[in-house]
Amino acid sequence: MSLKGKRIMLCVSGGIAVFKAAALTSKLYQEGAEVKVLMTDSASQFVTPLTFQTLSRNDVYTDTFEEKDPSSVAHIDLADWADLVLIAPATANMIGKLSNGIADDMMSTTLLATQAPIFVAPAMNVHMYEHPAVLRNMAVLKEFGCHFLEPGEGLLACGYVGKGRMAEPEDILSTLQTYFNEDTRDLKGKHVMITAGPTREPVDPVRYFTNYSSGKMGFALAEQASLRGAEVTLIAGPVQLTTPAGVNRIDVLTADEMYHAAMEVSVQADIIIKAAAVADYRPITVSKEKVKKSDDSIAIEMERTKDILSSLGEKKDNQVLIGFAAESEKVEEYAWKKLQKKNLDLVCANNITSEGAGFDKDTNIMTLIRKDGEQIHLPLQSKHDVANKILDEAIRLDGDFR
Ligand code: CTP
């Protein structure tokens, strides 16, 4: 019972994902947590408070003015009681209220009053999730130190396909377990440098070469490394992802900018994970003016960019160096060659043609190949889980150097 005795205030705001919050309540209870549930009126339209009361074995709070115990003020009492606050599902409305300091019902009032760490699991329609107001509000909450449990992609209840599905209860549970468990803060005292996303190589002021990398794998690594106690520096190419809580982010555009940032940060890093899909070539000349079309075909001469990972491999002493190999054939063979050529300790290989693996997915299928030749096959699983397996290996390798 990894959450034994932990006091979790579960804030359930109104969306169809409320049904998942019910499953989550049950899992939290089974793991030994004491759970008190707060619901908004709209959440109660989806699932009744009685469900949560039964699953949590505790009263459910919905109304600021319904004081169950005359000797205390419920919203302050609850706010002080919690070791951790989890908003799941977090609607656009509740995210908007908290980021703007609005306290007009039991939940939003308690959220403002608490000093416990807050975890937010958004769930909403994809267009709502991508609305600039919602993105801004989430960024504000991150600045306030809230942790986010990224929603997944897929078919949404509204019929749209896209991002907005609440994180799965199993993933939320494992994030909380990691957060609470001192034993899983196994990266404490370590500085982890991670690169993520694509790079962008300009042709002229309006055009560039890039690739399909979304940055999700690198961001999942940064989030989990931070939760496991590491000091994390994330060097990110241009991606549409929010910075995980506690992570120091450096934004770059080109392979050259990534090279300079990586070289500077790497000096202090114990573990380096190069998940970025760095462009191998860039146009030799970048036109200052927009290139005008003509009826002729066009050839753009390209030159090699610096191989950041190779440069890190050349100067490494007792750092753990981990690279990625995204391949479409002979995956293990090509990945092994990369490990040897770039002086890596571990290479994370995946076949980008497999269903559920590769760019812009929430899942991955990977083979981790260690420098002693041992292979660890990871079947289809969330990038969150893959990230933790890679970090497990990083810790094992780091131990070899000590
Ligand atoms: N990498 C890097 N700098 C580059 C290119 C790649 O650091 N200029 C890193 C990536 O971050 C990744 C690994 O190297 O960890 C990928 O190896 P690479 O040989 O570049 O893979 P591909 O670009 O896919 O190369 P190839 O076309 O040879 O398969």
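Structure data summary
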quantity: Qualifying residue in the range 241-248 (condition: of a type in the set (A, V, I, L, M), within 30 Å of residue 373 (Cβ to Cβ), assigned by TED's automatic domain parsing to the domain that holds residue 345 and buried (at least 16 other Cβ atoms within 10 Å of the Cβ)); calculated: no
quantity: Residue list for the range 265-305, restricted to those being over 23 Å from residue 231 (Cβ atoms), more than 8 Å from the ligand (Cβ to nearest atom) and of a type in the set (Val, Ile, Thr); calculated: 284, 285, 286, 291, 298, 300
quantity: Qualifying residue in the range 176-185 (condition: within 16 Å of residue 238 (Cβ to Cβ), over 16 Å from the mean Cα position of the chain (by Cα) and not hydrophobic (A, V, I, L, M, F, W, C)); calculated: no
quantity: Residue match in the range 174-197 (condition: part of a loop (DSSP other than H, G, I, E, B), in contact with a strand residue (DSSP E or B) (Cβ under 7 Å, 6 or more places away or on another chain) and within 16 Å of the ligand (Cβ to nearest atom)); calculated: yes
quantity: Counted residues, the range 366-402 - those being outside any helix (DSSP H, G or I), more than 14 Å from the chain's Cα centre (by Cα) and among the small types (Gly, Ala, Ser); calculated: 1
quantity: Residues of the range 118-134 satisfying the condition of being farther than 21 Å from residue 20 by Cα and modelled with pLDDT of 95 or more; calculated: 131, 132, 133, 134
quantity: Members of the range 126-138 that are open to solvent by 40 Å² or more (accessible area, probe 1.4 Å) and either at positive phi or aliphatic (A, V, I, L, M) (or both); calculated: 128, 135
quantity: Residues located in the range 306-361, provided they are within 12 Å of the ligand (Cβ to nearest atom), among the aliphatic types (A, V, I, L, M) and in contact (Cβ under 8 Å) with a residue 40 or more places away in the chain; calculated: 308, 312, 321, 322, 326, 346
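The values are calculated or read from the model by the stated rules, or taken from the named source; none is laboratory data. Model, not experiment: these values are computed from the prediction. Methodologically, a virtual Cβ is constructed for each residue, glycine included, from the backbone with ideal geometry; neighbour enumeration extends over all protein chains shown. What goes into the accessible areas is simple: the full protein's heavy atoms, side chains included, and nothing from ligands, DNA or RNA. Shrake-Rupley method; radii C 1.70, N 1.55, O 1.52, S 1.80 Å.
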